[in-house]
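Asker: Got a structure for you, questions after.
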Amino acid sequence: MVNTAPAQPRTTKRPARPNGQWKIDGTAPLNHNEEFKAESDPLKVRERIEEVYAKEGFDSIPGDDLHGRFRWWGLYTQRKPGIDGGKTATLEPHELEDKYFMLRVRIDGGALTTEQLRVIAGISTDFGRGSADITDRQNLQLHWIEVEAMPEIWRRLEAVGLSTTEACGDVPRVILGSPVAGVAKDELIDPTPVIEEIQERFIGDPALANLPRKFKSAITGHPSLDVVHQINDISFVAVDHPELGIGYDVWVGGALSTAPRLAERLNAFVSPEEAPEVWHGVVRIFRDYGYRRLRNKARLKFLLADWGVEKFRQVLEDEYLGYKLRDSIEPPSPASLGLDERGDHIGIHEQHDGRFYIGAAPTVGRVSGEILARLADLAEAHGSSRVRLTPQQKLLVLDVAEDEVEPVVAGLAELGLQARPSNFRRNTIACTGIEYCKLAIVETKATSDQAITQLEERLGDLKNLKPLSLHVNGCPNSCARIQTADIGLKGQLVLDDDGNQVPGFQVHLGGGLTSLDRDDAGLGRTVRGLKVTADGIGDYVERVVRRYDADHDGEETFAEWAHRADEEALR
């Protein structure tokens, strides 16, 4: 007899693929990145660098060390000159790379003595062809470094208390800190002791040296919210709780790149004494529960999106701290406080001790060994021994006596460091770009410099123009935070008016973090088909800014206007 009954659907479910969460799926590696980390502790590559590769040269370095473990000590191979952006996605790493390295010097909290600054300057001059860039993570990056030089470079850095330990790699990266920590008149608390305790206890700890991806931290005690806390994996932001006193409000799960997500509050108050343990708990959650199967889903933001803040806080308390955290309050926005100082700290500001700090802007973070050495000399000649770097690619000279302020300002200007910069020189940042980066598609530093010069000349008549941020990135990965700028430019190849493929940018408009100009953070808007050529940035920015100047309502900010304007007005 033929069975004519309809076939019944299968009830067995296909087993879900493991995400590589150590506490759920076990620690078996699910991709090559996880394999090379499991095979050999990446921190141990330093021994091989000093004992083997520095003696036998670049060609002696095997691939997993060269393209993987070297990062744990701040080393990336840099891009070979002359390879255009169209080849970035088609060539293999060994075809793109030169036999030189970018070296990232880790500077937690952005704090440097003039002695340390002079040592970095000497390394730049002696081993890096004079190169030096201030990053938007408060690091200094040098280029043209040869592996043969690394033992001497480490010797010099460590002699003055600096390191490159975990400056890159799947590790806790540099800790952003308020550039005015310990000196600002209006800071709620100095976060330096927390930064130092985390650094001393946990940086270089093998137990935290194999995370799913990088882990970024920030902490500030200043009401200007000067550490871009909404785009870090963990941030501590000072608050004055009406019952608990001064401590930190905890934020988790922020990051940009190609899938941007703003951090969320845990609604958890931690005291300064608790902060290092809470940091340690969060980084271990990431280690144990973070997604390791796919690297493009391996940041903490993806775990937080799936868990939500309530579960995240519960796991933190129950599995990692062993106690309940107290509820917090949200930090007030700088705009609501009526501050007269922006979070980049540019300009001249009195310290709590009556001396002054001076914030100055290089052009998109580009400096040199010579400039750094002369900066150290200038500071010392006027009684200062401390310099700070900022998350906006700027720098500060601390502890300047009142009668020395103007001489220091003049000396900085001679070095190309402006304490009274134009709007666009102050508010433009740029990533490394195709000059050195293997991921980049377009040039950024010189392109930004040219655009700044053009905008200074062309928009000088707009006397009431409020500060606008311009962020220029050489690829989609958003090292220059394009989604959180008034005008963000993402590098790609575009077609010019003649139909030729040329370097250019996709445009993001109206992004920003909580600041003196806006109460709430928000990501920029993209308009389909809105792209500009690299040599047309000045033309485009002038056009859209003049349109804003003509069309905005009252006190409407550029970001507010950009989100409501018709697409045609933004082109």
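The values are calculated or read from the model by the stated rules, or taken from the named source; none is laboratory data. Keep in mind it's a predicted model, so treat the numbers as computed, not measured. Cβ: placed from backbone, ideal geometry, glycine included. Neighbour counts: every protein chain shown. When the accessible area is computed, the model is the full protein with side chains, heavy atoms only, and any ligands, DNA or RNA have been set aside. Shrake-Rupley method; radii C 1.70, N 1.55, O 1.52, S 1.80 Å.
Asker: Can you pull out every residue in region 19-51 that is open to solvent by 50 Å² or more (accessible area, probe 1.4 Å), of a type outside the set (Lys, Arg) and assigned to a helix (DSSP H, G or I)?
Answerer: Trp22, Ile24, Asp25, His32, Glu35, Ala38, Glu39, Glu47, Glu50, Glu51
Asker: Name every residue in region 380-417 that is touching a residue at least 60 places away in the same chain (Cβ under 8 Å) and under 29 Å from Leu459 (Cβ atoms), in order of residue number. Reasoning before the result, please.
Answerer: Pass one, region 380-417, residues touching a residue at least 60 places away in the same chain (Cβ under 8 Å): 380, 384-396, 398-399, 409.
Selection gives Leu389, Thr390, Pro391, Gln392, Gln393, Lys394, Leu395, Leu396, Val409.
Asker: How many residues are out of contact with any Asp or Glu (no Cβ under 9 Å at 6 or more places or on another chain), surrounded by 19 or more Cβ atoms within 10 Å (Cβ to Cβ) and not polar (S, T, N, Q) if we restrict to region 453-485?
Answerer: Of the residues in that region, 4 qualify.
Asker: Could you please find all residues in region 216-235 being outside any loop (DSSP other than H, G, I, E, B), buried (at least 24 other Cβ atoms within 10 Å of the Cβ) and not polar (S, T, N, Q)?
Answerer: Scanning region 216-235 gives Ala218, Ile219, His229, Ile231, Ile234.
Asker: From Thr90, Thr113, grab the single residue that is open to solvent by 50 Å² or more (accessible area, probe 1.4 Å), within 30 Å of Arg374 (Cβ to Cβ) and β-branched (Val, Ile, Thr).
Answerer: From the options Thr90, Thr113, the qualifying one is Thr113.
Asker: Is it the case, given these coordinates, that Thr77 is assigned to a loop (DSSP other than H, G, I, E, B) and either free of Cβ contacts under 8 Å to residues at least 12 places away in the same chain or open to solvent by less than 50 Å² (accessible area, probe 1.4 Å) (or both)? Show your work before the answer.
Answerer: Working: assigned to a loop (DSSP other than H, G, I, E, B): no; either free of Cβ contacts under 8 Å to residues at least 12 places away in the same chain or open to solvent by less than 50 Å² (accessible area, probe 1.4 Å) (or both): yes.
No.
Asker: Would you please name the residue that is surrounded by the fewest Cβ atoms within 10 Å (Cβ to Cβ), looking only at residues in region 336-351 that are among the hydrophobic types (A, V, I, L, M, F, W, C) and part of a loop (DSSP other than H, G, I, E, B)?
Answerer: Only one residue tops the list, namely Leu339.
Asker: Also, I was wondering about something else. Among the residues of region 309-321, what is the count of those that are under 11 Å from Val278 (Cα atoms) and either open to solvent by 70 Å² or more (accessible area, probe 1.4 Å) or of a type outside the set (A, V, I, L, M, F, W, C) (or both)?
Answerer: 3
Asker: Now a separate question. So, in region 241-284, exactly how many residues are more than 25 Å from Gly522 (Cα to Cα), part of a strand (DSSP E or B) and open to solvent by 10 Å² or more (accessible area, probe 1.4 Å)? Before you say what the answer is, go through the steps one by one.
Answerer: Within region 241-284, the first condition is being more than 25 Å from Gly522 (Cα to Cα), and the residues that meet it are 241-247, 270-281, 283-284.
Still in the list and also part of a strand (DSSP E or B): 241, 245-247, 270.
Within this subset, residues satisfying the condition of being open to solvent by 10 Å² or more (accessible area, probe 1.4 Å) are 241, 245-246.
Selection size over region 241-284: 3.
Asker: Next up: Any residue that is free of Cβ contacts under 8 Å to residues at least 60 places away in the same chain, in contact with a Gly (Cβ under 7 Å, 6 or more places away or on another chain) and either open to solvent by less than 20 Å² (accessible area, probe 1.4 Å) or among the hydrophobic types (A, V, I, L, M, F, W, C) (or both) - is there at least one of those in region 532-554?
Answerer: Yes; the residues of region 532-554 include at least one that is free of Cβ contacts under 8 Å to residues at least 60 places away in the same chain, in contact with a Gly (Cβ under 7 Å, 6 or more places away or on another chain) and either open to solvent by less than 20 Å² (accessible area, probe 1.4 Å) or among the hydrophobic types (A, V, I, L, M, F, W, C) (or both).
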